[in-house]
1. Using C-alpha positions alone, give me the convex hull volume of segment 111-170 per residue in cubic angstrom.
2. Before I look further, what does the chain give for accessible area per residue, probe 1.4 Å, in whole square angstrom?
3. When the chain is treated as a GNM, springs tying every alpha-carbon pair under 10 Å, which of ALA90, ALA44, ALA13 comes out with the largest mean-square fluctuation?
4. Let a ≥ b ≥ c be the square roots of the eigenvalues of the Cα gyration tensor of segment 26-94; is it rounded (a/c under 1.5), or, if not, prolate (a/b larger than b/c) or oblate?
5. At 0.36 nm per residue, minus the direct Cα-Cα distance, what do ASN135 and ASP107 gain on full extension? Give it in nm, one decimal, please.
6. Take the chain, connect every pair of alpha-carbon atoms lying under 10 Å apart with a spring to form a Gaussian network, then pick out the residue of ILE83, ILE37, ILE66 with the largest mean-square fluctuation.
7. Apply 1/(1 + (r/R0)^6) to the Cβ-Cβ distance of LYS156 and VAL12, taking R0 = 25 Å, and write down the FRET efficiency to the nearest 0.05.
8. What are the semi-axes of the equivalent ellipsoid of segment 46-146, taken as the square roots of 5 times the eigenvalues of the Cα gyration tensor, listed largest first and rounded to whole Å?
Amino acid sequence: MGFYGFPKNKSVAEKKQKASKALEKLKKKNPNLEPVIIEGRTLAKSWWGKAWNINLESYADYSNRIARGKSYVRSNTVLDLKISKGRVEAKVQGSRSKPYDIEIHIDTLSSEIWEEVTALCNRRIDSLEQLVEGNFPKVLEGLFTNKKYGMFPSPKEIHFDCSCPDWASMCKHVAAVLYGIGARLDKDPML
């Protein structure tokens, strides 16, 4: 036990080892788990994954939790991450023996914003493949990442719930899942 009864901070190696054991145990009950495995220091490599993370890091109110979430996702503690339209469900290994359950709801883009994005992309992008690969004119980058009218959610358009005892709306487990979404966008930008 650490200072004042708080759990002692564990090293990345200890977190990874604990997460690996928890993942093995969970896979016996549910072989369809989709863990987020970060190899190396880079959390996202594609334009979409990086843009998602930049948007996330722009939430100034959450700066303390975001840094801790980075540490968690790098330690491979996101044991399961399922993404569907407007909803993310995940399991994250924390300091307790049982993983925490996380639910994130993301408001879908309004039809007005979607029509504006479509109109502005018209004749500027040659193919869907070009868009998915992040190969488009710099002018469109601003459109996709604009705080008010962009494609990524603002803090008021994203809603978190975690089974951990932390009082903050965005705890480190939620932040880890949000970074996990960035890693998933590397593999499937259509998400």
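1. Numbers: hull volume 7.4 nm³, N = 60.
Hull volume normalised by residue count: 124 Å³.
2. Numbers: 11590 Å² over 191 residues.
Value for the chain: 61 Å² per residue.
3. Among ALA90, ALA44, ALA13, the largest mean-square fluctuation in the Gaussian network model of the chain belongs to ALA13.
4. Numbers: a/c = 1.70, a/b = 1.58, b/c = 1.07.
Prolate shape, in that a/c is at least 1.5 and a/b is the bigger ratio.
5. Net length gain for the segment: 7.5 nm.
6. ILE83
7. 0.15
8. Details: eigenvalues 199, 46, 37 Å².
Those come to 32, 15, 14 Å.
The values are calculated or read from the model by the stated rules, or taken from the named source; none is laboratory data. This one's a predicted model, so the numbers in the text were calculated from it and none came from an experiment. Every residue, glycine as well, gets a Cβ built from its backbone with ideal geometry; the counts of neighbours run over all protein chains shown. Just the protein is used for accessible areas: all its heavy atoms, side chains included, with ligands, DNA and RNA removed. Shrake-Rupley method; radii C 1.70, N 1.55, O 1.52, S 1.80 Å.
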